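Chemist: There's a structure below that I have some questions on.
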Amino acid sequence: MTGQEPTSVYIDTTKPHPARMYDWFLGGKDNYPVDEEMARQLLTLDARGRDMARTNRAFMHRSTRWLAGPGGMRQYLDIGTGIPTEPNLHQIAQQTAPDSRVVYTDNDPIVLRHAEALLRSTPEGVTEYLQADAREPRSIVEQAAEVLDFSRPVALSLNALLHFVSDEDGAYELVRDLVAPLAPGSHLVVSHVASDFDPEGAEKARRLYAERGLTLAPRTREQFGRFFDGLDLVEPGVALAAEWRPELGERVEVTGDDPIPGWVAVARKP
Ligand SMILES: C[S@@+](CC[C@H](N)C(=O)[O-])C[C@H]1O[C@@H](n2cnc3c(N)ncnc32)[C@H](O)[C@@H]1O
């Protein structure tokens, strides 16, 4: 594990952090009053915040099952991992292929503090945690190459991450720079908050984040699809999170009939 030792990690509890708010939505205990307060404000815009988090997490489970099974992936680079929440990506991948190698990355120190849970690999496999910022893709690839063999396919997952990176901050460029060093046969997996269903609500959420010095960049289906330029989308292509290969996992019960506003897709590098 690179960076500081978990015990010396400084946690800023004066402002909300996306990893801790997501943990609150998922019913976790690794969050602070400031995170809960912000999460509750978001619930006033869309009361289904918990449904969104659970639906997103369930997509991660199903897409990882697909990658480890029909996708044939044995190496994973997961950026924006979040606070460990069982099952974590390596547990799902290693259930199918115990020799899977997984590198996790996040820039929030609270994830580093809890990273130990991400490092409990099968004996045949490997897991590693890097404290790094997605906006420095070259440095991530360089460090990840100590564990992953980039001459072979890697599954790159950017789940619920890119809506925290604005266009101005280089969201599209960072995806391009992360995909460029991947071998043919690699896969890109992305889930992302959608702005198409309630543009006004999305804009209000963006402002709530901005008032706290945070970035939120919900995107339309078309803007989301551009992350996959040059790649071959795996069936069913760009989809709502709940509609991506539902047969591969548990059904998430949600409130009401309106779609949970999150785009997802998996694509293969030719
Ligand atoms: C909503 S959580 C998603 C967790 C997990 N990927 C999932 O989908 O279940 C988003 C994560 O992205 C991380 N994150 C946000 N911006 C980041 C950046 N620039 N670099 C690395 N991680 C980032 C946050 O700290 C948080 O842990």
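Chemist: Which one, ARG120, ARG221, ARG74, has the greatest fluctuation when you compute a Gaussian network model over the chain with C-alpha springs under 10 angstrom?
Modeler: ARG120
Chemist: Okay, next question. Just add up the charged neighbours of LEU248: K/R +1, D/E -1, any other residue whose Cβ is under 10 Å from the Cβ of LEU248.
Modeler: +1
Chemist: I need the helices of the chain that pass two filters: whole DSSP H segments spanning 15 Å or more by Cα along the axis, and mean Kyte-Doolittle score no lower than -0.5.
Modeler: Flagged H segments are 33-45.
Chemist: Please work out whether region 1-78 counts as rounded, prolate or oblate from its C-alpha gyration tensor, where a ≥ b ≥ c are the square roots of the eigenvalues and a/c under 1.5 means rounded, while otherwise a/b larger than b/c means prolate and anything else oblate?
Modeler: The shape class here is oblate.
Chemist: Please give the net charge around ARG176, taking every other residue with its beta carbon less than 11 angstrom from that of ARG176, where Lys and Arg add +1 and Asp and Glu add -1.
Modeler: -2
Chemist: Something else now. Which of ALA47, ALA194, ALA115 moves the most in a Gaussian network model of the chain with Cα springs under 10 Å?
Modeler: Largest GNM mean-square fluctuation: ALA47.
Chemist: I would also like to ask the following. With a point put 7 Å past each Cα toward its Cβ, work out how far ARG152 is from GLU116 in nm, to one decimal.
Modeler: So the two model labels end up 3.1 nm from each other.
Chemist: Continuing with this model, one more query. Go ahead and run the numbers for FRET between GLU200 and GLU173, Cβ-Cβ distance against an R0 of 35 Å, rounding to 0.05.
Modeler: Calculated value: 0.75.
Chemist: Mind checking which aspartates and glutamates have their Cα closer than 20 Å to the Cα of LYS15? Skip sequence neighbours fewer than 8 apart in that chain.
Modeler: Once the sequence-local aspartates and glutamates are set aside, what remains near LYS15 is ASP23, ASP30, ASP35, GLU36, GLU37, ASP106, ASP108, ASP133, GLU211.
Chemist: Kirkwood Rh over Cα pairs of the chain into Stokes-Einstein at 25 °C, 0.890 mPa s: D in µm²/s?
Modeler: It comes out at roughly 132 µm²/s.
Chemist: While we're here: Grab the other residues whose beta carbon is less than 11 angstrom from that of SER121, score K and R as +1, D and E as -1, and report the net.
Modeler: Net charge around SER121: -1.
Chemist: Of the DSSP beta bridges with both residues in the chain, give the percent that are antiparallel, rounding to the nearest 5.
Modeler: Expressed as a percentage, antiparallel bridges in the chain total about 35.
Chemist: Between THR96 and GLU235, how many nm apart are label points set 7 Å from Cα along the C-beta direction?
Modeler: 1.6
Chemist: If you build a Gaussian network model of the chain, linking Cα atoms that sit under 10 Å apart, which residue out of ALA145, ALA205, ALA155 swings the most?
Modeler: It is ALA145.
Chemist: Name the shape class, rounded, prolate or oblate, that the alpha-carbon gyration tensor gives for region 133-270, where a ≥ b ≥ c are the square roots of its eigenvalues, rounded holds for a/c under 1.5, and otherwise prolate holds if a/b is larger than b/c and oblate otherwise.
Modeler: oblate
Every read-out reported here was derived from the displayed coordinates using simple, explicitly stated rules and does not represent laboratory data. None of these values were measured; they are calculated from a predicted model. With ideal geometry, Cβ positions are generated from the backbone for all residues, glycine too; neighbour counts draw on all protein chains shown.
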